[in-house]
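Enquirer: Sharing a structure, written as structure tokens. Questions coming.
The values are calculated or read from the model by the stated rules, or taken from the named source; none is laboratory data. Bear in mind the structure is a predicted one, so any value in this text is a computation, not a measurement. Don't worry about glycine lacking a Cβ; one is built from the backbone with ideal geometry, like all the others, and counts go over all protein chains shown. The area values use the complete protein model at the heavy-atom level, side chains included, leaving out ligands, DNA and RNA. Shrake-Rupley method; radii C 1.70, N 1.55, O 1.52, S 1.80 Å.
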Amino acid sequence: MKAYIRKKYGGPNKLQLLDFQKPSPKEDELLVKVVATSVNPADWRVMRGTPYMIRLMMGVFKPKNPFIGADVSGIVEKVGSKVTQFKPGDEVFTDVMGTGAGAFAEYVCVKASHWVRKPQEVSHKEAAATPLAGITAWQGLNDIGKLQNGQQVLINGASGGVGTFAVQIAKHIEAHITAVCSTSKVEMVRSLGADVVIDYKKNDYRKLNQQFDLIFDAVGNVSPSIAKRLLKPSGICVMVGWSGFGHFIGFSLGKLWLSKASDKKLESFTAKMKTEDLSLLAELIATNKLTPVVSDHYNFTELPAAIAFQERGHAAGKVIVTVSE
Ligand SMILES: NC(=O)c1ccc[n+]([C@@H]2O[C@H](COP(=O)([O-])OP(=O)(O)OC[C@H]3O[C@@H](n4cnc5c(N)ncnc54)[C@H](OP(=O)(O)O)[C@@H]3O)[C@@H](O)[C@H]2O)c1
């Protein structure tokens, strides 16, 4: 099988597409033939080993694990001897980041308990678009933000992989959505269900005379003082994306300050792959309540170009890579 690996930290040109022996599933694993994958900012961060502090976990001088890639949708080829819930031919999807496997490969072998059955109504491309970005949107709005029906939510970065899921999930929760994106994406974000769309090229949401129950920041430009001004009493600002080390430090200190100065909260979080969350998203997609937005398609040999495109930071929804037809 072919898989992308990197022996050193660096840009997409450090990726190599090499031949490996197809893995054999252990007793509790599935061997899955990958049909489609998608690219996330986490992929190029892991590829480059930036910010540098992540190298403390991933290898200081060179990556300990050469494989990369998170999102996978594919077809079960073999099951381990103790696997009862799946059989060859089943269609499955998941996020393999943190398992040791890499999604940018023709086959992946991961524990059966990590996979979710792909509903027939959901295409492999839609399924590959969903795990990391969809779960981040769901956990940020639901688990951390506790968004409720009728509440006011501000979604910053509404046009990206995470933001396009967040707008639709907030709509499903029946919140009132104010979304921030750039001019060319205003109509797309409105069509996903945003009630008010602010074009950040023309207007600055930070100057709004309005308050929100929840700010979902997938860009990383909400400062603690702006959050304090824009949040209602007991409101919460969830930092999903961060724009640099300075922002991260300012946010962490601001979190302490805000909790002492008011009843408003700042929270950051790292999304965790949970099969129950992914199953819920799959059900919403299968019943047309959620549609993954796929703006750009690449084939497997173009994967470095797909990562380079994603890294430029202007995607409208998800960047999909077809691995096998
Ligand atoms: N906490 C977690 O567990 C977690 C998980 C997944 C992702 N993330 C982070 O969340 C962030 C978003 O991820 P993503 O997958 O959505 O990224 P993405 O697909 O690259 O999307 C970024 C979007 O933001 C828009 N944008 C850029 N500058 C903006 C601004 N000033 N105001 C409003 N929108 C702006 C871009 O479009 P335009 O340039 O046209 O505006 C683009 O559509 C990243 O920092 C990522 O690392 C965190």
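Enquirer: Principal axis extents for region 1-126, Cα atoms only, whole Å, descending order, please.
Expert: On the principal axes, region 1-126 reaches 41, 30, 26 Å in Cα extent.
Enquirer: Still on this structure: Go through VAL293, LEU31, TRP257 and say which Cα lies farthest out towards the positive end of the charge dipole of the chain; charges sit on Cβ, +1 for Lys and Arg, -1 for Asp and Glu.
Expert: In the chain, that residue is TRP257.
Enquirer: Next up: Can you list the lysines whose alpha carbon is less than 21 Å from that of LYS264, not counting same-chain residues fewer than 8 positions off?
Expert: LYS146, LYS207, LYS228, LYS232, LYS255
Enquirer: Using a Gaussian network model of the chain with C-alpha springs under 10 Å, which one of LYS228, LYS26, LYS260 is most mobile by mean-square fluctuation?
Expert: Per the Cα network of the chain with a 10 Å cutoff, LYS260 tops the list.
Enquirer: Further, regarding this structure: Charges at C-beta only: +1 for Lys and Arg, -1 for Asp and Glu. How large is the resulting dipole of region 187-302 about its Cα centre, in Debye rounded to 20? Spell out each step's value before the answer.
Expert: On the way: 15 positive and 13 negative charges, 143 e Å.
With Lys and Arg at +1 and Asp and Glu at -1, about 680 debye.
Enquirer: Further question: Report P(r) for the chain: all Cα-Cα distances, bin width 10 Å, range 0 to the bin holding the largest distance, values in whole percent.
Expert: 6, 27, 33, 23, 10, 2, 0
Enquirer: So, in Å, what gap is there between the alpha-carbon centers of region 1-59 and region 186-233?
Expert: First find each Cα centre; the distance between them is then 34 Å.
Enquirer: I want to verify a result. In a Gaussian network model of the chain, Cα cutoff 10 Å, which of these has the top mean-square fluctuation: PRO25, PRO119, PRO51?
Expert: PRO51
Enquirer: Would you calculate, for the chain, the mean residue ellipticity at 222 nm contributed by helices, counting each DSSP H stretch of 4 or more residues as -39,500 (n - 2.57) and dividing by all residues, to the nearest 500?
Expert: On the way: 10 runs with 89 residues, N = 325.
Helices in the chain give a 222 nm mean residue ellipticity of -7500 deg cm²/dmol.
Enquirer: Roughly how many Å² is the accessible area per residue of region 61-167, as a whole number, for a 1.4 Å probe? Walk me through the numbers on the way to the answer.
Expert: Values: 3970 Å² over 107 residues.
With the other protein chains kept in place, region 61-167 gives 37 Å² per residue.
Enquirer: Mind putting together the pair-distance distribution for region 134-268? All Cα pairs, 5 Å bins, whole percent per bin, short to long.
Expert: Percent of pairs per bin, in order: 2, 12, 24, 25, 22, 12, 4, 1, 0.
Enquirer: Same structure again: When the accessible area of the chain is split by element with a 1.4 Å probe, what percent falls to carbon and sulfur? List each step's numbers first, then the result.
Expert: Values: 7760 of 14600 Å².
That fraction is 53 percent.
Enquirer: Using a Gaussian network model of the chain with C-alpha springs under 10 Å, which one of VAL34, VAL60, VAL108 is most mobile by mean-square fluctuation?
Expert: In this elastic network of the chain, the residue with the biggest mean-square fluctuation among VAL34, VAL60, VAL108 is VAL60.
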